[in-house]
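Q: Encoded as structure tokens, here's the structure I'll be asking about.
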Amino acid sequence: AQSVTQPDIHITVSEGASLELRCNYSYGATPYLFWYVQSPGQGLQLLLKYFSGDTLVQGIKGFEAEFKRSQSSFNLRKPSVHWSDAAEYFCAVGAIQGAQKLVFGQGTRLTINP
Amino acid sequence: DAGVIQSPRHEVTEMGQEVTLRCKPISGHNSLFWYRQTMMRGLELLIYFNNNVPIDDSGMPEDRFSAKMPNASFSTLKIQPSEPRDSAVYFCASSFGGRTEAFFGQGTRLTVV
């Protein structure tokens, strides 16, 4: 069975600073990896996904993530954060079992200082 | 595209009452998922359907929970009887096939008092 660990429960960065959110996964086969963002009271919105190919994937809102198989990691990055990026971020790993069955990490809450 | 539509957005009910949550997936999607989100346990997959057939319900907490998908455009999650520990946000999501992402609805915030 797959699992996901997001080591940082809460991160605070200043507006304009760079950001990296960590994600480590455990899965016996090639994983399908996702980052979702959740604003308060809202559903989850997909930021980016990795299925295969180039290990550096670009997403919406200026986010990118890099798949590193040797480290079982899929860290999310953004070069310069905006106040509107404050939200909860979830990493997820999917497995092909007739459908995408996602297992989520516990989430990282991002706070932006002005 | 209206996205995944869930109703109601908020539900407050008394312990012991039956609660039904509804979901309309994105048209053309053939996989549907029910998730529960709580502070203690995070996002948990309760059950998922593929082509209207339940594939894995191992995440359903107990027999008080049941889910149906009578057709490709509608699913329900029922709790009977409800208990205070069922209070959570319940998300429905849908996807097409096994190589696409899941699209989430806005969720139903359930409070059982």
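Q: Residue check: is B:Met40 free of Cβ contacts under 8 Å to residues at least 40 places away in the same chain, surrounded by 15 or more Cβ atoms within 10 Å (Cβ to Cβ) and assigned to a loop (DSSP other than H, G, I, E, B)?
A: Working: free of Cβ contacts under 8 Å to residues at least 40 places away in the same chain: yes; surrounded by 15 or more Cβ atoms within 10 Å (Cβ to Cβ): no; assigned to a loop (DSSP other than H, G, I, E, B): yes.
Considered against the rule, which asks whether it is free of Cβ contacts under 8 Å to residues at least 40 places away in the same chain, surrounded by 15 or more Cβ atoms within 10 Å (Cβ to Cβ) and assigned to a loop (DSSP other than H, G, I, E, B), B:Met40 comes out as no.
Q: Please indicate, with yes or no, whether at least one residue in region B:69-85 is of a type outside the set (Lys, Arg), crowded, with 21+ Cβ neighbours inside 10 Å and either at the interface with chain A (Cβ under 10 Å from one of its Cβ atoms) or in contact (Cβ under 8 Å) with a residue 60 or more places away in the chain (or both).
A: Filtering region B:69-85 down to residues of a type outside the set (Lys, Arg) leaves B:69-77, B:79-84.
Restricting the remaining residues to those that are crowded, with 21+ Cβ neighbours inside 10 Å gives B:69, B:75, B:77, B:79, B:82.
Applying the additional criterion that residues be either at the interface with chain A (Cβ under 10 Å from one of its Cβ atoms) or in contact (Cβ under 8 Å) with a residue 60 or more places away in the chain (or both) yields B:79, B:82.
Yes, region B:69-85 contains a residue that is of a type outside the set (Lys, Arg), crowded, with 21+ Cβ neighbours inside 10 Å and either at the interface with chain A (Cβ under 10 Å from one of its Cβ atoms) or in contact (Cβ under 8 Å) with a residue 60 or more places away in the chain (or both).
Table: residues versus (1) within 12 Å of another protein chain (Cβ to nearest Cβ); (2) among the acidic types (Asp, Glu); (3) surrounded by 15 or more Cβ atoms within 10 Å (Cβ to Cβ).
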residue	(1), (2), (3)
A:Asp8	no, yes, yes
A:Val13	no, no, yes
A:Ala17	no, no, no
A:Cys23	no, no, yes
A:Ser26	no, no, no
A:Leu33	yes, no, yes
A:Gln42	yes, no, no
A:Leu48	yes, no, yes
A:Phe51	yes, no, yes
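Q: Next up: Please enumerate the residues belonging to region B:51-64 that are assigned to a strand (DSSP E or B) and modelled with pLDDT of 90 or more. It would help to see each step written out before you state the result.
A: Of all residues in region B:51-64, those assigned to a strand (DSSP E or B) come to B:53-56.
Once the filter is applied, which keeps residues that are assigned to a strand (DSSP E or B) and modelled with pLDDT of 90 or more, region B:51-64 yields B:Val53, B:Pro54.
Q: Answer with yes or no whether A:Gln2 is within 30 Å of B:Thr108 (Cβ to Cβ) and over 14 Å from the mean Cα position of the chain (by Cα). Outline the logic, then answer.
A: Details: within 30 Å of B:Thr108 (Cβ to Cβ): yes; over 14 Å from the mean Cα position of the chain (by Cα): yes.
So A:Gln2 fits the description; yes.
Q: Is it the case, given these coordinates, that B:Ser31 is within 11 Å of chain A (Cβ to nearest Cβ), closer than 30 Å to A:Ile9 by Cα, hydroxyl-bearing (Ser, Thr, Tyr) and crowded, with 17+ Cβ neighbours inside 10 Å?
A: On the way: within 11 Å of chain A (Cβ to nearest Cβ): yes; closer than 30 Å to A:Ile9 by Cα: no; hydroxyl-bearing (Ser, Thr, Tyr): yes; crowded, with 17+ Cβ neighbours inside 10 Å: yes.
Against the criterion (within 11 Å of chain A (Cβ to nearest Cβ), closer than 30 Å to A:Ile9 by Cα, hydroxyl-bearing (Ser, Thr, Tyr) and crowded, with 17+ Cβ neighbours inside 10 Å), B:Ser31 does not qualify.
Q: How about region B:80-104: which of its residues are at pLDDT 95 or above and part of a loop (DSSP other than H, G, I, E, B)?
A: Across region B:80-104, the qualifying residues are B:Gln80, B:Pro81, B:Ser82, B:Glu83, B:Ser87.
Q: Sticking with this one: How many of the residues in region A:68-97 are crowded, with 17+ Cβ neighbours inside 10 Å and at pLDDT below 95? It would help to see each step written out before you state the result.
A: Within region A:68-97, the first condition is being crowded, with 17+ Cβ neighbours inside 10 Å, and the residues that meet it are A:73-76, A:78, A:81, A:85-95.
Of the ones still in play, those that are also at pLDDT below 95 are A:92-95.
Qualifying residue count, region A:68-97: 4.
Q: Just to be sure before I move on: is A:Ser3 of a type outside the set (Val, Ile, Thr), in contact with a Lys or Arg (Cβ under 8 Å, 6 or more places away or on another chain), loosely packed, with under 13 Cβ neighbours inside 10 Å and over 29 Å from B:Arg9 (Cα atoms) in the structure I sent? First the steps, then the outcome.
A: Working: of a type outside the set (Val, Ile, Thr): yes; in contact with a Lys or Arg (Cβ under 8 Å, 6 or more places away or on another chain): no; loosely packed, with under 13 Cβ neighbours inside 10 Å: yes; over 29 Å from B:Arg9 (Cα atoms): yes.
The answer is no for A:Ser3.
The values are calculated or read from the model by the stated rules, or taken from the named source; none is laboratory data. None of these values were measured; they are calculated from a predicted model. Cβ atoms come from the backbone with ideal geometry, glycine included; neighbour counts cover every protein chain shown.
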